[in-house]
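Colleague: I have a structure here, written as structure tokens, and I will follow up with some questions on it.
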Amino acid sequence: MRYISTRGGVEPILFSQAVMMGLATDGGLLLPETIPSVAAATLKQWAGLEFIPLALEVVSLFVGEGDIPRQDLDRLLRKAFSTFSHPEITPVVRVGGHHVLELFHGPTLAFKDVALQLLGNLFEYLLQRDGGRINILGATSGDTGSAAIHGVRGKGGMEIFILHPHGRVSPIQERQMTTVLDANVHNIAIQGTFDDGQAIVKALFNDLDFKGKYHLGAVNSINWARIVAQVVYYFYAWGRISEGDPERQVEFSVPTGNFGDVFAGYVAKRMGLPTGKLLLATNRNDILSRFFSSGSYRLGQVHPTMSPSMDIQVSSNFERYLYYLLQENPEGVREKMAELDGGGGFAVSREIIDAAGDFQAVSIGEEQTLAAIRSVYQDCGYVLDPHSAVGFAAAMARPGMVCLATAHPAKFGDAVNKAIGRQPNRPAVFEGLEQKPRRCQVLPANVSAVRDFITSRLD
Ligand SMILES: *Cc1c(COP(=O)(O)O)cnc(C)c1O
């Protein structure tokens, strides 16, 4: 299996090289040259597998035996998912007439753990095998930073520096990051906003001398390994519900921000997963639902909502889908992305989008989100977090669907409380979090303070 860029400027590379490259060197995103297809007989067999053996089958198709031997991959997967608290890793539970695919049993209680636990172990394995170091630098408003920290804590060959806005992330999120005391984890609380943190990170990445000298890498939401890890649970959920009958279609509703989760569903579908259109649910930041209804992809303002991990302006993984929509034509992708950079938008004709027929997109407002949390709680006694509730609300009238649950409700207790009048139960991993020792460096919001701190830790 070889990987190419959506923009056509990368010679085919191996999976391991794609993992270390992250963003393609030509500015595009990496994709497999061909998406493997899965025969009906294989699907039937996969339906009987538990999560880790299934993950081994799925991920192997994208890796190649000569690149990472199967037994190494098996070991990596076992290690990655040993941090999950549920024996099934991503269980499917019945909620009224729907199925909920619970993706939040990892260490930070959000679905990003599924991918980042694997990515951290892959980095460690590849650095050990091929030599080198990586120092991960990122800014977070909460969720991604903690999942990344838990993905690489204690791992060899890498340090991680995560900036968060001092006093402006929720107390739970702050503690999920700062109570990780492994020597390779460096939390920095910036005396400023999330945007200040992001600007500082960007400035440091643009300082190419600094970036090169200190082997800076990003916590990329666009790393191909993250997509592959997420493909697994679509097949897993199908297996639980279909009992292995390849004729049995199962439909998915996916709360969406950066298009990574739902793109994994699209890859699964192209591989042969029996499913129809994927239901793509956004909050009121609706650039994607506007695209699928009008063909126009145009940047707007970011509106803060109670599902903050979906408050995005540009969906960083969308370029991967655009590549397929434009008949795998890198020239076409380059043109569209140049238009986006130049004038804030581009368009694809409705005929092309409708002919592909891959997604149905819905935007769900704040009131609808609260109403979904409330009615699911009243009718079924099940508590959704506000992100999962966006996907559930979109699927409300279509029983039988699988709704992806992307965060544990306790991570967003205030929104839940607003909907149902009580805080969600606290999961075991939150017990004693307040009392745990913390480590965090508070710094003024300027580039040189952060640069000095990083060099002081690495020199
Ligand atoms: C990141 C995130 C999402 C959105 O996933 P994308 O892959 O960015 O579409 C949804 N819910 C939660 C809780 C998240 O952390």
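Colleague: For the range 60-84: of the residues being hydroxyl-bearing (S, T, Y) and closer than 26 Å to T108 by Cα, which is most open to solvent (accessible area, probe 1.4 Å)?
Modeller: S82
Colleague: When you check R284 against the structure, is it under 20 Å from the mean Cα position of the chain (by Cα) and open to solvent by 40 Å² or more (accessible area, probe 1.4 Å), yes or no?
Modeller: So R284 fits the description; yes.
Colleague: From the list T275, T282, which one is in contact with a helix residue (DSSP H, G or I) (Cβ under 7 Å, 6 or more places away or on another chain), farther than 21 Å from E366 by Cβ, of a type in the set (S, T, Y) and touching a residue at least 12 places away in the same chain (Cβ under 8 Å)?
Modeller: T275
Colleague: Within the range 142-173, how many residues turn out to be out of contact with any Gly (no Cβ under 7 Å at 6 or more places or on another chain), away from the ligand (no atom under 16 Å from the Cβ) and among the charged types (D, E, K, R)?
Modeller: Qualifying residue count for the region: 3.
Colleague: Separate question: Taking only the range 291-310 into account, find how many residues are surrounded by 17 or more Cβ atoms within 10 Å (Cβ to Cβ) and without any contact (Cβ under 8 Å) to a residue 60 or more places away in the chain.
Modeller: The number of residues fulfilling the criteria is 1.
Colleague: Name every residue in the range 371-394 that is surrounded by fewer than 24 Cβ atoms within 10 Å (Cβ to Cβ) and in contact (Cβ under 8 Å) with a residue 60 or more places away in the chain, in order of residue number.
Modeller: D379, C380, Y382 - these are the residues of the range 371-394 that are surrounded by fewer than 24 Cβ atoms within 10 Å (Cβ to Cβ) and in contact (Cβ under 8 Å) with a residue 60 or more places away in the chain.
Colleague: Looking at the range 103-135 only, could you name the residues that are away from the ligand (no atom under 15 Å from the Cβ), open to solvent by less than 20 Å² (accessible area, probe 1.4 Å) and of a type in the set (G, A, S)?
Modeller: Passing the criteria: only G120.
Colleague: Also, I was wondering about something else. Go through the range 316-332 and count every residue that is out of contact with any strand residue (DSSP E or B) (no Cβ under 9 Å at 6 or more places or on another chain) and open to solvent by less than 20 Å² (accessible area, probe 1.4 Å).
Modeller: Residues in the range 316-332 being out of contact with any strand residue (DSSP E or B) (no Cβ under 9 Å at 6 or more places or on another chain) and open to solvent by less than 20 Å² (accessible area, probe 1.4 Å): 4 in total.
Colleague: Of (1) within 16 Å of the ligand (Cβ to nearest atom); (2) more than 22 Å from L279 (Cβ to Cβ), A361 satisfies all except one. Which?
Modeller: The one condition A361 does not meet is (2).
Colleague: Follow-up. Pairs only if they're at least six apart or on different chains, beta carbon under 7 angstrom, first in the range 50-65 and at pLDDT 95 or above, second of a type in the set (S, T, N, Q); list them, first residue then second.
Modeller: Here the result reads F51/T90, each pair linking the range 50-65 to a residue that is of a type in the set (S, T, N, Q).
Colleague: Looking at the range 190-265, what helices (runs of 4 or more DSSP H) fall wholly within it and have at least 1 residues that are within 16 Å of the ligand (Cβ to nearest atom)?
Modeller: By residue number, 194-206, 224-242.
Colleague: Looking only at the range 144-170, filter to residues that are touching a residue at least 60 places away in the same chain (Cβ under 8 Å) and not polar (S, T, N, Q); which one of those is surrounded by the fewest Cβ atoms within 10 Å (Cβ to Cβ)?
Modeller: The residue in question is H166.
Colleague: When only residues in the range 416-439 that are not aromatic (F, W, Y) and not in a loop (DSSP other than H, G, I, E, B) count, which is surrounded by the most Cβ atoms within 10 Å (Cβ to Cβ)?
Modeller: V416
Colleague: Still on this structure, please answer the following. Could you tell me which residue of the range 340-370 is surrounded by the fewest Cβ atoms within 10 Å (Cβ to Cβ), considering only residues that are at negative phi and part of a loop (DSSP other than H, G, I, E, B)?
Modeller: By that ranking, first place goes to S349.
Colleague: Would you confirm, using the coordinates I've provided, whether N417 is more than 16 Å from the ligand (Cβ to nearest atom) and within 27 Å of N258 (Cα to Cα)?
Modeller: yes
Colleague: Which of the residues spanning the range 383-395 are more than 10 Å from the ligand (Cβ to nearest atom) and under 13 Å from L101 (Cβ atoms)?
Modeller: L384, F392, A395
Colleague: Please specify each residue of the range 266-281 satisfying the condition of being open to solvent by less than 40 Å² (accessible area, probe 1.4 Å) and either of a type in the set (G, A, S) or not in a helix (DSSP H, G or I) (or both).
Modeller: A268, G272, L273, P274, T275, G276, L278, L279, L280, A281
Colleague: Does V442 satisfy the criteria of being β-branched (V, I, T), in a strand (DSSP E or B) and modelled with pLDDT of 95 or more?
Modeller: When the stated conditions are applied, V442 passes them.
Colleague: Give the residues of the range 133-156 that are within 18 Å of the chain's Cα centre (by Cα) and at positive phi, sorted by residue number.
Modeller: Matches in the range 133-156: G142 only.
Colleague: What residue, among those in the range 300-345 that are touching a Phe, Trp or Tyr at 6+ places or on another chain (Cβ under 7 Å) and over 25 Å from T140 (Cα atoms), is farthest from the ligand (Cβ to nearest atom)?
Modeller: Ranking the qualifying residues of the range 300-345, first place goes to E339.
The values are calculated or read from the model by the stated rules, or taken from the named source; none is laboratory data. Small disclaimer: the values here were computed from a predicted structure and weren't measured. When we count neighbours, we look across all protein chains shown, and the Cβ atoms used for this are built from the backbone with ideal geometry, even at glycine. These area figures cover heavy atoms from the full protein model, side chains too; ligands, DNA and RNA do not enter into them. Shrake-Rupley method; radii C 1.70, N 1.55, O 1.52, S 1.80 Å.
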